[in-house]
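The values are calculated or read from the model by the stated rules, or taken from the named source; none is laboratory data. All values derive from a computational prediction rather than experimental measurement. Glycine also receives a Cβ, built like all others from the backbone with ideal geometry; neighbour counts cover every protein chain displayed. These accessible areas exclude ligands, DNA and RNA; they are computed on the full protein's heavy atoms, side chains included. Shrake-Rupley method; radii C 1.70, N 1.55, O 1.52, S 1.80 Å.
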Amino acid sequence: MIHNYSGETIQFQITYKKRTTIGITMDHYGNIEVLAPKGTPDERVIQLLEDKWELIQQKSKEQKDRLLGPQKKVYEHGESFLYLGNTYPIRIYHDINITQDHVVFEGDKLHIYVKQLDDEKIKQALKRFYYKQCKALVEKSVASYQSNYKVKPRSIRITDSKSNWGTCDSKLQLTFNWRLAMAPLKVIEYVVVHEMCHMVHLNHDRSYWRLVGKIMPDYKEQEKWLELSSWKMTI
């Protein structure tokens, strides 16, 4: 079906099922499907779509952006990067007198101070910032959740893994991906809990997931965020 609203076209499909409420779903391409109880008037479906249109547009854009994949970054004023789940523009300052290139998060911007205006220098300054923030956030989370475990990690390292958000080996050594600093704090805490639970159960058996769920009942929401948004976690 097609409906015009506020100068825009809403294209959607209605599927009638044995249910009591109306639900709106969207596939990976941004196509909208409305699941409605049998006998639901079209006018009621359309009203719900209009009420939810702003949110639907947002989700549709996210889906389409995800299909395009990571876009090449440009290291100049206004380019945006993720930090703790939100997107912030960068502001670059050229100062030959600074001791070391560095990044300061202040207000609603990532302020990057470099001795030399060079893309690679800016990128490396950002990477060091994320490493430092990730280490601090992970260590704080480990300390916060430690009371749930009888054993403690022997070491905590931040790495540049291409395939894992975190690992725990048989020696109770925990490692975490520096890109986690781009995720919301709750997601970071989930990855920490996930790996700390491996100090008790090295595999992903039923006992392991019971322990994860006991410590963090909403862990599936955090997994979902990583599943849908990890493609954006790049510099």
Here the residues within the stretch 224-235 that are open to solvent by 50 Å² or more (accessible area, probe 1.4 Å) and either without any contact (Cβ under 8 Å) to a residue 12 or more places away in the chain or within 15 Å of ASN177 (Cβ to Cβ) (or both) are LYS224, TRP225, GLU227, TRP231, LYS232
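Say we look at the stretch 90-128 and pick out the residues that are assigned to a strand (DSSP E or B) and aliphatic (A, V, I, L, M); which of these is surrounded by the fewest Cβ atoms within 10 Å (Cβ to Cβ)?
VAL104
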For the stretch 161-235, which fully contained helices (runs of 4 or more DSSP H) count at least 1 residues that are under 30 Å from PRO89 (Cα atoms)?
185-197, 219-229
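Of all residues in the stretch 161-185, count the ones that are in contact with a helix residue (DSSP H, G or I) (Cβ under 6 Å, 6 or more places away or on another chain) and either within 21 Å of TYR83 (Cβ to Cβ) or among the small types (Gly, Ala, Ser) (or both).
Of the residues in the stretch 161-185, 6 are in contact with a helix residue (DSSP H, G or I) (Cβ under 6 Å, 6 or more places away or on another chain) and either within 21 Å of TYR83 (Cβ to Cβ) or among the small types (Gly, Ala, Ser) (or both).
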Quick check, is GLU50 open to solvent by less than 50 Å² (accessible area, probe 1.4 Å) and under 30 Å from ASP27 (Cβ atoms)?
yes
Tally of residues being part of a helix (DSSP H, G or I) and either polar (S, T, N, Q) or open to solvent by 40 Å² or more (accessible area, probe 1.4 Å) (or both) across the stretch 32-45:
3
Step by step: first the residues of the stretch 9-31, then only those that are out of contact with any Lys or Arg (no Cβ under 9 Å at 6 or more places or on another chain) and hydroxyl-bearing (Ser, Thr, Tyr), then the one that is surrounded by the fewest Cβ atoms within 10 Å (Cβ to Cβ). Which residue is that?
THR20
